[in-house]
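These notes are about the structure you will find just below.
The values are calculated or read from the model by the stated rules, or taken from the named source; none is laboratory data. Keep in mind the model is a prediction, meaning the values are calculated, not measured. Cβ: placed from backbone, ideal geometry, glycine included. Neighbour counts: every protein chain shown.
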Amino acid sequence: MQFLLTLRDWMRPMLALTRKELTQLWRDRVLLLFLVYAFTVDIYLAGSGVTLQVSHARTVISNADHGVAARELTGRLVEPTFRVDAQAHTQAQALAELDRGGAMLALDIPPRFSADLAAGRQTTIGLWADTSNSVQGFMAASYITRVVSRFGIETGLSQALGQGAGVAAGSLPTVDNRIRAWYNPNQDDAWFMSLSQLLNIITVFAILLPAAAAVREKERGTVEQLLVSPLSPVQILLPKVLAMGGAILLAILLSLGFVLWPIFDVPCRGSLGLFFGLSALYVFSTAGLGLFIATVARNQAQVGMLTILLLAPMLFLSGAWTPPEAMPPWLAHAMVISPLHHFMDIAFGVMLKGQTAAALLRPIATLSVIGCLLFGFGLYRFRRQFG
Amino acid sequence: MNLQRITAYAYKEWREIARDRLFFSLAFVVPPLLMLLFGVGLSLDVEHIPFVVIDQDHSQYSRDYAARYSSGPYFNLLGQLDHPDRLDTLMASGTVRAALIIPAGFGARLAAGKPTEVQTLIDGTFPSRALTTKGYLDAINAQANLDGLAKLLAQRSGLTEDAARQRLTPVKLAVRYRYNEAVLSLWSIVPKLLMVILMISPPFLTSIGVVREKESGAIFNLYASNLSRGEYLLGKLAPYVAISFLNAWVLWLMALWVFGVPFRGSLAFFALASGVYVLCTTGIGLLVSIATRSQVAAMIVTAIVTVVPAVLYSGVLIPVPSLGPTGQLIAHALPAMYYTEIAVGCFLKGSGMADLWPQLLVLAGYAAALFTAGFLLMSKRPKV
């Protein structure tokens, strides 16, 4: 009983401070408007505007042959992977188009292509791929390679064995590799993009809001007022995290309810309660990072610069935009310290893979440890600065 | 416009920045540090994909076929599984990203000259990784089929296996990769990193500038002074532009010396374009600072309008033509895309003013528009 009373006395000023923070947030209309914008419109834009697959790769063909075989081959470059909307008369013209950035691929079919093919002579066609974007250029070129090699096999077989010699596709000992993508069978980019954008936005707010709320007091000098009040550092700092965390969780709900579910049909295969609980854990951990920044910085300009120093690598390298497999191993391992890295596993695990808390024990445990360490360190520094 | 007043104000702003030791050092430390991190880490070249084989056929055919996948650098064979039941947990935890299932009867069908199927399950959570994996799988399977068919043709027509293979590949494709001959991810990414970092750092530097004075009340000095709006904005912007321009040079040197990327274009043009681009990005920060009322709001708005679009809508990871209609609209509305074209053109394609003047023109227009918007939004007699 005595304990409960003490707890109540301990909680009461914190609740009052939390309310104060919320009122302050509520009155900053520009910020509030932007919070809503970021969690709805911005996520919608990312989900609807971005496709990672090679689509409509602009291809320019300079065809010096005009035979049937050449037409047959170029006819196989079809939408949605390729878009052949430019015909060049010479190879030089095609390359100029590539230089101009008007095309990503230039295919050059030599004169006598059809004749050589009919005579059974090997012939060479040229492909130039713009690889200033290496992945896309490489991928588009490999698509064409596949189209050409299939064309070659079919032509070669029908010539060598004659049309009637059992060339029909069903009677050759070939292996068909059926590839199935789990968790996102239609390879819907919107699922991935909208969800990862949501995680990015959460991160931005979860670091900046508490950090700024804490440093603001230092900058204005109101921290002196708080320090002479009968409040411990925990009671001063925790309300900021509670208020901002609550606002962020509400915004997540807004985002799921108005964008992710109705517009992009992102499934929630796991437990929604689990997702929210773990989002709260993530916001808390990341807020710890914000409080740490707040103890280092003296004014909000410093908060800004410190934030990008930590935020940009977190967003770029946690696996939202580049898979960990593509990073050098030491860096992939180093990203273990990024809370976002673990939250990505958690969020995608719960939403797309339908994982349970037991299956996600490792990322959850790591995230909790990181959160407690950051929070503890932030408190320690705050106490030392003002104790 | 009085030049003396502008320089006086710029000097005041400069001193304010330089005296904040931490802020001043961060202004120069952050861009190179991000360049190093992203240059090393931002890559999409997926290799060593963790992979398991579930061979239910146990024939020489199936063993040979499966071995094709693990022989290259693309897949990292973790082992054989007897049953697909454990696959669920392995895939969910990310221990395994791809699994090849060879059904019973695989070898028998091939030996009888009949077509057959195998199945590969891949982790589709990350679409670009799934796509690359798919590309590798298709290429390896195609090679296996070509080898099989060449053997068959050799038997039926009496050709040697090499001759048969030649008959099956009558069309040779000579692929040449342009601008980035070795298809080095680094070469393609580093010039774009200049764009990304100059899109992130300068707006953050600038975004606090005006709103800080609003919050602290120091802005009343301006209201009471004879400094005009234009002079104030120019003076405010000057030190941030100078710092960011200097950073652009540091990043350029890093691209050449640290990452070994060639620079083939005109340096004078690139310097000019970088100057105009930095004017645009600091301008974004300034505009945000004028439009917001609190420093928190300014920082958050800056983070969301710069950090994310710098990657998504600028052609770093996804080329602009592949974006959807809304994505393309945003890409065209931001300066990043134009500077990406300039940076890639100058570094890799050897272009200069002759090819890239339209992009430069757009950037210059953008800078002018930002400044005008800031000028109009700024008021020396605010309503509140």
- prompt: Yes or no: A:ILE43 of a type outside the set (Ser, Thr, Tyr) and assigned by TED's automatic domain parsing to the domain that holds A:TRP321?
  reply: yes
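Criterion first (in a helix (DSSP H, G or I), exposed (fewer than 15 other Cβ atoms within 10 Å of the Cβ) and within 12 Å of chain A (Cβ to nearest Cβ)) does B:PHE38 satisfy it? Show your work before the answer.
On the way: in a helix (DSSP H, G or I): yes; exposed (fewer than 15 other Cβ atoms within 10 Å of the Cβ): no; within 12 Å of chain A (Cβ to nearest Cβ): yes.
No.
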message: Please count how many residues of region B:289-318 are closer than 22 Å to B:MET35 by Cβ and either more than 8 Å from every other protein chain (Cβ to nearest Cβ) or assigned to a loop (DSSP other than H, G, I, E, B) (or both).
response: 10
- line: Flagged in region A:172-196 as within 7 Å of chain B (Cβ to nearest Cβ) and not in a loop (DSSP other than H, G, I, E, B), in numbering order, are A:VAL175, A:ASP176, A:ASN177, A:ARG178, A:ILE179, A:ARG180, A:ALA181, A:TRP182, A:ASP189, A:PHE192
task: Name every residue in region B:354-364 that is modelled with pLDDT of 95 or more and loosely packed, with under 14 Cβ neighbours inside 10 Å, in order of residue number.
output: B:LEU361
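Please indicate, with yes or no, whether at least one residue in region B:163-179 is in a loop (DSSP other than H, G, I, E, B), over 22 Å from A:LEU73 (Cα atoms) and touching a residue at least 60 places away in the same chain (Cβ under 8 Å). So that I can check it myself, show each step before the final result.
Within region B:163-179, the subset in a loop (DSSP other than H, G, I, E, B) is B:169-170, B:179.
Remaining after also requiring over 22 Å from A:LEU73 (Cα atoms): B:179.
So of that shortlist, the ones also touching a residue at least 60 places away in the same chain (Cβ under 8 Å) come out as B:179.
Yes, because at least one residue in region B:163-179 is in a loop (DSSP other than H, G, I, E, B), over 22 Å from A:LEU73 (Cα atoms) and touching a residue at least 60 places away in the same chain (Cβ under 8 Å).
Taking region B:336-358 on its own, how many of its residues are under 25 Å from A:ALA190 (Cα atoms) and part of a loop (DSSP other than H, G, I, E, B)? First the steps, then the outcome.
In the first step, residues of region B:336-358 are kept if they are under 25 Å from A:ALA190 (Cα atoms); the result is B:336-337, B:340.
From what is left, the residues that are part of a loop (DSSP other than H, G, I, E, B) are none.
Summing the residues that are under 25 Å from A:ALA190 (Cα atoms) and part of a loop (DSSP other than H, G, I, E, B) in region B:336-358 gives 0.
Per-residue answers, yes or no, for (1) at positive phi; (2) at pLDDT below 90:
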{"position": "A:PRO230", "(1), (2)": "no, yes"}
{"position": "A:GLN235", "(1), (2)": "no, yes"}
{"position": "A:LEU238", "(1), (2)": "no, yes"}
{"position": "A:ALA247", "(1), (2)": "no, no"}
{"position": "A:ILE252", "(1), (2)": "no, no"}
{"position": "A:LEU256", "(1), (2)": "no, no"}
{"position": "A:ASP265", "(1), (2)": "yes, yes"}
Any chance B:LEU90 is part of a loop (DSSP other than H, G, I, E, B), surrounded by 15 or more Cβ atoms within 10 Å (Cβ to Cβ) and more than 7 Å from chain A (Cβ to nearest Cβ): no
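Could you list, in sequence order, all residues of region B:57-73 that are touching a strand residue (DSSP E or B) at 6+ places or on another chain (Cβ under 8 Å) and among the aromatic types (Phe, Trp, Tyr)? Outline the logic, then answer.
So the first thing to find is which residues in region B:57-73 are touching a strand residue (DSSP E or B) at 6+ places or on another chain (Cβ under 8 Å), and the list is B:57, B:62-63, B:65-66, B:69-70.
Within region B:57-73, B:TYR65, B:TYR69 meet the criteria.
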field: Selection count where residues are assigned to a helix (DSSP H, G or I), at the interface with another protein chain (Cβ under 7 Å from one of its Cβ atoms) and buried (at least 20 other Cβ atoms within 10 Å of the Cβ), scope region A:314-332
entry: 5
- request: Could you please give the count of residues in region A:12-58 that are assigned to a helix (DSSP H, G or I) and either more than 19 Å from the chain's Cα centre (by Cα) or among the aromatic types (Phe, Trp, Tyr) (or both)?
  value: 27
query: Only one of (1) of a type in the set (A, V, I, L, M); (2) buried (at least 24 other Cβ atoms within 10 Å of the Cβ); (3) closer than 24 Å to B:ALA130 by Cα; (4) within 9 Å of another protein chain (Cβ to nearest Cβ) is not met by A:ALA212, so which one is it?
result: (3)
message: Looking at B:THR133 and the list (1) assigned to a helix (DSSP H, G or I); (2) crowded, with 22+ Cβ neighbours inside 10 Å; (3) within 7 Å of chain A (Cβ to nearest Cβ), which single condition is not satisfied?
response: (3)
query: Right, B:TRP257: surrounded by fewer than 24 Cβ atoms within 10 Å (Cβ to Cβ), without any contact (Cβ under 8 Å) to a residue 12 or more places away in the chain and over 25 Å from B:ALA373 (Cβ atoms) or not?
result: yes
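Results for (1) charged (D, E, K, R); (2) over 28 Å from B:ARG165 (Cα atoms); (3) without any contact (Cβ under 8 Å) to a residue 40 or more places away in the chain, shown as yes or no for each residue.
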residue: A:HIS56; (1), (2), (3): no, yes, yes
residue: A:VAL60; (1), (2), (3): no, yes, no
residue: A:ARG83; (1), (2), (3): yes, yes, yes
residue: A:SER142; (1), (2), (3): no, no, yes
residue: A:VAL147; (1), (2), (3): no, no, no
message: Can you pull out every residue in region A:25-52 that is more than 7 Å from every other protein chain (Cβ to nearest Cβ) and either in contact with a strand residue (DSSP E or B) (Cβ under 7 Å, 6 or more places away or on another chain) or in contact (Cβ under 8 Å) with a residue 24 or more places away in the chain (or both)?
response: A:LEU25, A:LEU35, A:VAL36, A:PHE39, A:THR40, A:ILE43, A:TYR44, A:GLY47
- line: Picking from B:GLY230, B:GLY260, the residue that is outside any helix (DSSP H, G or I), away from chain A (no Cβ under 14 Å) and modelled with pLDDT under 95 would be B:GLY260
task: Only residues that are assigned to a helix (DSSP H, G or I) and exposed (fewer than 14 other Cβ atoms within 10 Å of the Cβ): list them for region A:228-241, please.
output: A:VAL228
